[in-house]
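J.: Mind looking over this structure? Questions follow.
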Amino acid sequence: METKINSTILSLIKGDITNEETDAIVNAANSRLAGGGGVDGAIHRAGGPKIMEECRKIGSCPTGGAVITTGGNLKAKYVIHTVGPVYRDGKNREAELLSSAYRKSLELAVSKGIKSIAFPSISTGAYGYPIDEAAEIALKTVIDFIQTKVGARHAVPLQIIRFVLFSERDLKVYEGALKKITQIN
Ligand code: ADP
């Protein structure tokens, strides 16, 4: 599924993010940047040890923040490591922190002149965020970012923003959320 917002293409696909050829891919990291399971493990395995070396030098990243390394052996030139919240009961600023993770990643991408970026579904694996809520937050944050930045004097150079969902079910949830949001808009 694909939609155009101002001049940016927002697309939702099913796939493995480590295969993406976008300028940057986003990693759902932990705050120690220590690697782990899920998409984090997959990115470090596919990208090789150089990414971890750079992560060690950076040290850490707060929840809701984002840092950048090169892409090592990946096709993507950069990896943006962001830290989503661990979901407890929804009353611990989870929504705000998840939105921040997407926004800070996009801001970092724009500051580096990145033209295309791929996101996984942050926090919806080991961190336990209910995916229907997370999808809506993710998409709203991205759409709001495109609309406000493009409305500003300097247009966002981001031409492609892609969500790479790991399962058919996750893809369907994101598609449902995007339909809902774009109908309201
Ligand atoms: P978090 O700790 O932020 O919840 P996880 O890596 O556990 O991060 O899960 C986030 C999402 O990434 C999950 O939906 C999971 O299915 C998905 N995922 C795992 N591996 C990949 C991959 N190679 N490409 C894209 N998505 C992936």
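J.: If a residue must be within 19 Å of residue 110 (Cα to Cα), more than 14 Å from the ligand (Cβ to nearest atom) and not in a loop (DSSP other than H, G, I, E, B), how many such residues does the range 50-86 contain?
T.: So the answer is 5.
J.: Can you tell me which residue within the range 43-65, out of those that are under 15 Å from the mean Cα position of the chain (by Cα) and either closer than 21 Å to residue 165 by Cα or modelled with pLDDT under 95 (or both), is surrounded by the most Cβ atoms within 10 Å (Cβ to Cβ)?
T.: Checked the range 43-65; the qualifying residue surrounded by the most Cβ atoms within 10 Å (Cβ to Cβ) is 43.
J.: Another one. So which residues in the range 100-135 are in a helix (DSSP H, G or I) and surrounded by fewer than 19 Cβ atoms within 10 Å (Cβ to Cβ), if there are any at all?
T.: The answer is 103, 107, 110, 111, 132, 133.
J.: Could you list, in sequence order, all residues of the range 26-42 that are within 9 Å of the ligand (Cβ to nearest atom), among the aliphatic types (A, V, I, L, M) and buried (at least 20 other Cβ atoms within 10 Å of the Cβ)?
T.: 28, 29, 39
J.: Restricting to the range 2-12, give me the number of residues that are in a strand (DSSP E or B) and in contact with a helix residue (DSSP H, G or I) (Cβ under 7 Å, 6 or more places away or on another chain).
T.: Qualifying residue count, the range 2-12: 5.
J.: Please determine whether any residue of the range 102-124 is under 17 Å from residue 66 (Cβ atoms), within 13 Å of the ligand (Cβ to nearest atom), at pLDDT 95 or above and out of contact with any helix residue (DSSP H, G or I) (no Cβ under 8 Å at 6 or more places or on another chain).
T.: yes
The values are calculated or read from the model by the stated rules, or taken from the named source; none is laboratory data. This structure is a prediction, so every number in the text was calculated from the model and none was measured. Ideal geometry is used to build each Cβ from the backbone, glycine not excepted, and the neighbour counts take in all protein chains shown.
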